[in-house]
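Worksheet: one structure, shown below.
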Amino acid sequence: MKYRMTHSLLLLLFSHMIWAEQAAVVLKDTQILDAPAISAQAITSIPKDSQVTLLKRKGGWYKIETDEHKIGWLRMLKVRFISEQESNQKSIAKILRETAIMPPASGVSSGVRGMSSEEMDKNIKQDIQPIEFEQLKNFIPAEESVREFAEEGKLRTQDSVILPTE
Amino acid sequence: MSQYVSHFHYKFSLIMILTVSMFCSACGVKIQGIDLGRVFDAADKVSDLGEKTAEEEAILGENTIRALLADSSINSQINIQNYVNKVGYWLASHTSRADLAWQFIVLDDPAVNAFAAPGGYIALTTGMLYSLNNEAELAGVLAHEIAHVVLYHHMHALQTKSKTGLLLDLAILGTQVGNATTANEKGELKGPEVSGMFDKAVEDLYYKGLDRKDEYEADRLGVMLSAKAGYDPYAFVSVLQAIGSREGREEKDLQRFIRVHPSVNSRLGSLEAVLLVTDSYELSNRVLAQRYLNNVSP
């Protein structure tokens, strides 16, 4: 439990970094807007292949910073991420790998040590019985629990969306 | 050449089963515990190459997922399995196939991957789960796989691969033969020819992947499904962009995923029109990052 809370805390602390370090290039000449809306005012224009830093996402928009330190919004589909290696983007998996705090065998925590996700899985699963295919049916949730789960997350069916298969 | 020999062998075996079955069906003869009357009933279906029933899809699906999971380990964290099933069931409840016995399975595998099988089986790896940032991204991935099932993509692909649909019937025949004997508690396929042919078709399909147009179709329906269930549909775009940034590099944990899917740029391009549609609605666009982190930690 303590381990999980520590991880959640670390992830919260790093969540800003996940976006702050994501670099991208624009796929075509693009206007940068002052708000995440088609009707917003243009702040500046940048040419195709310009590099930008993604600061955060809101719906289908990224808040970005240009090389000239201008901050504004553009549509998500107008950018392509630059690879992790080039941009030093940190995925959750990578952060977890780098910051995993594992309870030592002695029960005394001596600090942080890096572990791969495979190593973590191996450590956690040591005392857990494997799940057989036949047991999978046990995880099928009752209809009521699915409804409660949706309510907890404030998930509501969007009746305006009509699926092509309906 | 060996394929032709194998095909001949398989056809010969099938004819033998059918012939013996015809002679023995009326008298309830059992050979090595197998009720040949039951075999005959099942063999009747081999000649019926029409549409498959839901029951037949379920049998085919179970055989497919069992073949796919033969070398996999199911993740032992009960909270993760429960959580993924709840997200999956919430999504599936919005489809035209809400009554299917959906089963969402988390596998221990550092590779980034997710796949579906007929009958409502959806599997995804811990590598995929740990690469995502929030519940809306998970919903996007699951919705894509759910769409494959709703649209019968794997069913149709397996039917096409078997040319006449005979292979599907063989999977069913194999199970019914298995069910007829007490020696087979799991209802698994019996007979090396039958299971060998079936496993080969499954392996082939899941190695090469579905038709590209099926993938685009599942992307579009998946995004709409996420939006209908209250999730932010752009979360799936985010997943694709993150994967796209790793395309073209020799990354072992992404090789399978990239091999069986079209390029991310073309997938994003095909989503543009759908996203314009979702943009036109007032949506709740839930992301649920904290709930995801609370439930999915290694």
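The values are calculated or read from the model by the stated rules, or taken from the named source; none is laboratory data. Computed from a prediction, not measured in an experiment: that's the story for all the values here. Glycine gets a Cβ as well: all are built from the backbone with ideal geometry, and neighbour counts include every protein chain shown.
Scan (1) in a loop (DSSP other than H, G, I, E, B); (2) under 15 Å from B:GLY140 (Cβ atoms); (3) more than 11 Å from every other protein chain (Cβ to nearest Cβ) for the single condition B:LEU210 breaks and write down its number.
(2)
Could you check how many residues of segment B:84-119 are more than 10 Å from chain A (Cβ to nearest Cβ) and either on the phi > 0 side of the Ramachandran plot or among the polar types (S, T, N, Q) (or both)?
2
Scan segment B:98-139 for residues that are over 17 Å from B:LEU69 (Cβ atoms) and polar (S, T, N, Q) and jot them down.
Passing the criteria: B:SER131, B:ASN133, B:ASN134.
Look through B:ILE146, B:ILE172 and report the one residue that is at pLDDT 95 or above and at negative phi.
Checking each option against the conditions leaves just B:ILE146.
Looking only at segment B:60-80, count how many residues are more than 16 Å from the chain's Cα centre (by Cα) and buried (at least 20 other Cβ atoms within 10 Å of the Cβ).
Selection size over segment B:60-80: 2.
Go through (1) buried (at least 20 other Cβ atoms within 10 Å of the Cβ); (2) within 22 Å of B:LYS228 (Cβ to Cβ); (3) in contact with a helix residue (DSSP H, G or I) (Cβ under 6 Å, 6 or more places away or on another chain) for B:PRO298 and report which single condition fails.
It is condition (2) that B:PRO298 fails.
Go through the residues of segment B:270-280 one by one and say whether even a single one is more than 22 Å from A:THR157 (Cα to Cα) and under 26 Å from the mean Cα position of the chain (by Cα).
The answer is yes; a qualifying residue exists.
Give me a count of the residues in segment A:120-144 that are modelled with pLDDT of 95 or more and more than 7 Å from chain B (Cβ to nearest Cβ).
Here the count works out to 3.
Out of the residues in segment A:145-163 that are outside any helix (DSSP H, G or I) and surrounded by fewer than 13 Cβ atoms within 10 Å (Cβ to Cβ), which is nearest to the other protein chains (Cβ to nearest Cβ)?
A:SER160
For segment B:266-281, which residues satisfy the criterion of being within 7 Å of chain A (Cβ to nearest Cβ) and either under 21 Å from B:ASP211 (Cβ atoms) or without any contact (Cβ under 8 Å) to a residue 12 or more places away in the chain (or both)?
Those that are within 7 Å of chain A (Cβ to nearest Cβ) and either under 21 Å from B:ASP211 (Cβ atoms) or without any contact (Cβ under 8 Å) to a residue 12 or more places away in the chain (or both): B:LEU268, B:GLU272, B:ASP279.
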